[in-house]
């Protein structure tokens, strides 16, 4: 696996709710990403309970505090209005259990523990039938990543397209 791929986008939205909502969310996420201040990243965008658009935003040059979230809201609200989205917008830090939504996230957090759920059970091998994995991200490339599992040091290689949800698992 090649290391250090950072440009690709990867949405793990594999729900059966329909392509229209997924396409709409992807378009709104694109608008938000283009409006963020330099050094900020949209980690995840999702609809949370009705007309609430939740944006998980991180930044490299400081904390995701109230002032930063207010700045993001003031930048993105007019653009979302232009896209026909008139619902509520919530901006938040990704938190300690940060979602891993892009290949670059897996590369960035090599050596960290993650919880991963696949859309379908793994077929074949020692992990046959399994969908939930917790382990250390060993390596990642543009197509997938490898988790080292605590059970005897076994490894599982998962393509990004098979993942329905992934989060860091940090101990406090």
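Give the percent of DSSP beta bridges with both residues in the stretch 19-92 that are antiparallel, rounded to the nearest 5. Antiparallel bridges: around 60 percent, rounded to the nearest 5. Rounded to the nearest 500, the 222 nm mean residue ellipticity of the chain from helices alone is -7500 deg cm²/dmol, with -39,500 (n - 2.57) taken per DSSP H run of at least 4 residues. Counting beta carbons within 10 Å around each of 137, 73 and listing the fewest first gives the order 73, 137. Springs between alpha-carbon atoms under 10 Å, Gaussian network over the chain: tell me which of 147, 25, 55 tops the mean-square fluctuations. In this elastic network of the chain, the residue with the biggest mean-square fluctuation among 147, 25, 55 is 25.
Sorted largest first, the principal axis extents computed over the alpha-carbon atoms of the stretch 19-92 equal 35, 22, 18 Å. Here the stretch 87-128 is scanned for amide nitrogen atoms under 20 Å from the site 7 Å beyond the Cα of residue 155 along Cα-to-Cβ, giving 103-118, 122-128. Taking Cα atoms only, the orientation of helix 66-82 departs from the longest principal axis of the chain by about 70 degrees.
Against the main long axis of the alpha-carbon atoms of the chain, helix 19-35 sits at an angle near 70°. Among 118, 143, 101, a tally of other beta-carbon atoms within 10 Å of each Cβ gives an order, fewest to most, of 143, 118, 101.
A short reminder: the numbers here are calculations on the coordinates, not readings from a lab. Note that the coordinates shown come from a computational prediction; the quantities given were computed from them, not determined experimentally. Cβ: placed from backbone, ideal geometry, glycine included. Neighbour counts: every protein chain shown.
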